[in-house]
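Chemist: Please find one structure pasted underneath; my questions will follow.
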Amino acid sequence: MRAWALDKPGPAAAHPLRLVERELPEPRAGQLTARLLACGVCRTDLHLAEGDLPPRRGGVVPGHEVVAEVIALGPACRRFSLGDRVGVPWLASTCGRCHFCLTGKENLCETATFTGWDRDGGYAEAIVANEEYLYSLPDSLGDEKAAPLLCAGIIGYRALRRANLPAGGELGLFGFGGSAHLALQVAVAEGASVHVFTRSEPARQLALSLGAKSAQGPFDRSPVDLDSVVVFAPSGDVVPASLGALARGGRAVLAGIHMSDLAPLSYERHLFGEKELTSVTANTRSDGREFLELAGRIGIEVTTTPYAFEQAGEALADLARGKVRGAGVLLFD
């Protein structure tokens with residue numbers, strides 16, 4: 001099978017991925033092998049390719065927003081059958097025994113492994129994955145539209161839940177790409193007023209078309225005091241602006257796996273008034289199940305920019321340049 005492997009990180013514009021031939025992966029007990037149908041191009045893949053997120057091993061295949069068809073079952077597989085469509089997400093395994101796993105916080109497991117970082121991911125024609133960490137996908141969404149839900153959607157959902165947004169509250173989203181455009185729709189469906197802050201004019205227009213109350217630059221004054229904020233942009237320089245827009249008692253959530261260093265914070269201007277600043281670290285399987293059920297129920301609209309499998313390098317370069325509308329998705333013949 002063909003796969004895009006990362007031997008050495010480098011600028012996305014230099015196309016650091018290498019197209020290689022690999023053996024079709026064989027499933028072990030509790031695993032299955034699936035043929036790729038679509039794979040989202042996540043900003044985490046870009047961080048990995050460029051070295052912001054150091055690769056866990058040489059030659060790893062990125063990609064963790066995987067829609068695939070089951071073609072082989074290992075011993076003891078019970079959840080899925082041959083021909084089923086499955087979603088392979090970022091969280092690939094946890095220990096199941098530590099304090100975090102036993103208290104509903106498996107996303108914090110210190111020995112967790114991740115698709116496209118520890119294990120080969122979906123920039124390949126086939127993938128092997130642990131059956132217990134896979135998702136069934138809403139029938140209402142085709143392969144291209146379902147792929148971004150598997151990380152961008154789920155992480156955005158967890159970030160919203162971490163934000164403690166009150167019913168009918170005012171929410172700010174800083175950065176507006178694959179994850180934010182899905183989180184906005186969940187928040188609007190639940191009655192929130194959403195205000196978007198992003199450098200990109202096309203992204204501002206997309207936000208307004210999806211129901212945002214306002215859309216402006218990341219350092220523009222917010223039209224209202226915000227009850228909650230989620231920062232999707234990987235730029236630490238916008239964090240003080242997001243905190244400055246928060247009402248007293250509000251919470252700001254940083255939703256990325258990587259972010260540049262935070263700009264200096266002033267206690268009096270940015271945190272005083274019982275404001276809170278927290279992060280999101282991966283997601284639990286429960287988050288994924290809840291979000292995918294919700295996405296199917298509200299008819300979430302997924303905006304995508306499609307690329308052929310052979311264009312994986314171009315997709316990452318476009319993402320680095322801010323040229324991807326919504327979420328990039330690799331498609332397989």
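Chemist: What is the one condition in (1) more than 24 Å from the chain's Cα centre (by Cα); (2) surrounded by fewer than 18 Cβ atoms within 10 Å (Cβ to Cβ) that E276 does not satisfy?
Modeler: The number of the failed condition is (1).
Chemist: For the stretch 220-238, what are the residues that are in a strand (DSSP E or B) and either in contact with a helix residue (DSSP H, G or I) (Cβ under 9 Å, 6 or more places away or on another chain) or not assigned by TED's automatic domain parsing to the domain that holds M259 (or both)?
Modeler: Selection gives L226, S228, V229, V230, V231.
Chemist: Can I ask one more? Report, by residue number, each residue of the stretch 159-184 that is buried (at least 24 other Cβ atoms within 10 Å of the Cβ), in a helix (DSSP H, G or I) and not hydrophobic (A, V, I, L, M, F, W, C).
Modeler: Matches in the stretch 159-184: H181 only.
Chemist: Restricting to the stretch 243-286, give me the number of residues that are in contact with an Asp or Glu (Cβ under 6 Å, 6 or more places away or on another chain) and either at positive phi or not aliphatic (A, V, I, L, M) (or both).
Modeler: Number of matching residues: 5.
Chemist: Separate question: I'm trying to understand the selection: among the residues of the stretch 178-202, which are touching a residue at least 60 places away in the same chain (Cβ under 8 Å) and not basic (K, R)?
Modeler: Once the filter is applied, which keeps residues that are touching a residue at least 60 places away in the same chain (Cβ under 8 Å) and not basic (K, R), the stretch 178-202 yields G178, S179, H181, L182, Q185, V186, A189, S200, P202.
Chemist: Going by the conditions given, is G142 surrounded by 24 or more Cβ atoms within 10 Å (Cβ to Cβ) and either in contact (Cβ under 8 Å) with a residue 60 or more places away in the chain or within 15 Å of G40 (Cβ to Cβ) (or both)?
Modeler: no
Chemist: With touching a Cys at 6+ places or on another chain (Cβ under 8 Å) and either of a type in the set (D, E, K, R) or assigned by TED's automatic domain parsing to the domain that holds L46 (or both) as the only criterion, which of E170, E110, E106 stands out?
Modeler: Selected residue: E110, the only one of E170, E110, E106 that is touching a Cys at 6+ places or on another chain (Cβ under 8 Å) and either of a type in the set (D, E, K, R) or assigned by TED's automatic domain parsing to the domain that holds L46 (or both).
Chemist: A further question on this structure: Would you check which residues across the stretch 9-56 are in contact (Cβ under 8 Å) with a residue 40 or more places away in the chain, farther than 25 Å from I155 by Cβ and basic (K, R) and list them?
Modeler: Result: R22, R28, R35.
Chemist: Within the stretch 15-51, take every residue that is among the hydrophobic types (A, V, I, L, M, F, W, C) and farther than 24 Å from G256 by Cα and give me the one that is surrounded by the fewest Cβ atoms within 10 Å (Cβ to Cβ).
Modeler: A29
Chemist: Go through the stretch 303-322 and count every residue that is of a type in the set (A, V, I, L, M, F, W, C) and out of contact with any strand residue (DSSP E or B) (no Cβ under 7 Å at 6 or more places or on another chain).
Modeler: 2
Chemist: Next question, about the same structure. So, E110, is that one in contact with a strand residue (DSSP E or B) (Cβ under 7 Å, 6 or more places away or on another chain), surrounded by fewer than 22 Cβ atoms within 10 Å (Cβ to Cβ) and either of a type in the set (D, E) or free of Cβ contacts under 8 Å to residues at least 60 places away in the same chain (or both) or not?
Modeler: no
Chemist: For the stretch 296-316, enumerate the residues that are of a type in the set (A, V, I, L, M, F, W, C) and either without any contact (Cβ under 8 Å) to a residue 60 or more places away in the chain or surrounded by 20 or more Cβ atoms within 10 Å (Cβ to Cβ) (or both).
Modeler: I300, V302, A308, F309, A312, A315, L316, listed by residue number.
Chemist: Identify the residue in the stretch 254-270 that is more than 13 Å from R43 (Cβ to Cβ) and of a type in the set (A, V, I, L, M, F, W, C) and, among all such residues, is surrounded by the most Cβ atoms within 10 Å (Cβ to Cβ).
Modeler: Filtering the stretch 254-270 for residues that are more than 13 Å from R43 (Cβ to Cβ) and of a type in the set (A, V, I, L, M, F, W, C), the one surrounded by the most Cβ atoms within 10 Å (Cβ to Cβ) comes out as L254.
Chemist: Out of the residues in the stretch 279-295 that are surrounded by fewer than 18 Cβ atoms within 10 Å (Cβ to Cβ) and acidic (D, E), which is nearest to G250 (Cα to Cα)?
Modeler: E290
Chemist: Among what's in the stretch 234-264 and is modelled with pLDDT of 95 or more and in contact with a Pro (Cβ under 7 Å, 6 or more places away or on another chain), pick the residue that is nearest to S179 (Cα to Cα).
Modeler: Once the filter is applied, the top-ranked residue is V238.
Chemist: List every residue pair whose Cβ atoms sit under 8 Å apart, with the two residues 6 or more apart in sequence or on different chains, where the first one lies in the stretch 151-177 and is of a type in the set (S, T, N, Q) and the second, anywhere, is buried (at least 23 other Cβ atoms within 10 Å of the Cβ).
Modeler: N164/S228
Chemist: Touching a strand residue (DSSP E or B) at 6+ places or on another chain (Cβ under 6 Å), of a type outside the set (V, I, T), closer than 24 Å to G153 by Cα and not in a helix (DSSP H, G or I), is that true of A3?
Modeler: Against the criterion (touching a strand residue (DSSP E or B) at 6+ places or on another chain (Cβ under 6 Å), of a type outside the set (V, I, T), closer than 24 Å to G153 by Cα and not in a helix (DSSP H, G or I)), A3 does not qualify.
The values are calculated or read from the model by the stated rules, or taken from the named source; none is laboratory data. Because the structure is predicted, anything quoted here is derived from the model rather than measured. Here Cβ is always computed from backbone atoms with ideal geometry, including for glycine, and neighbour counts include all displayed protein chains.
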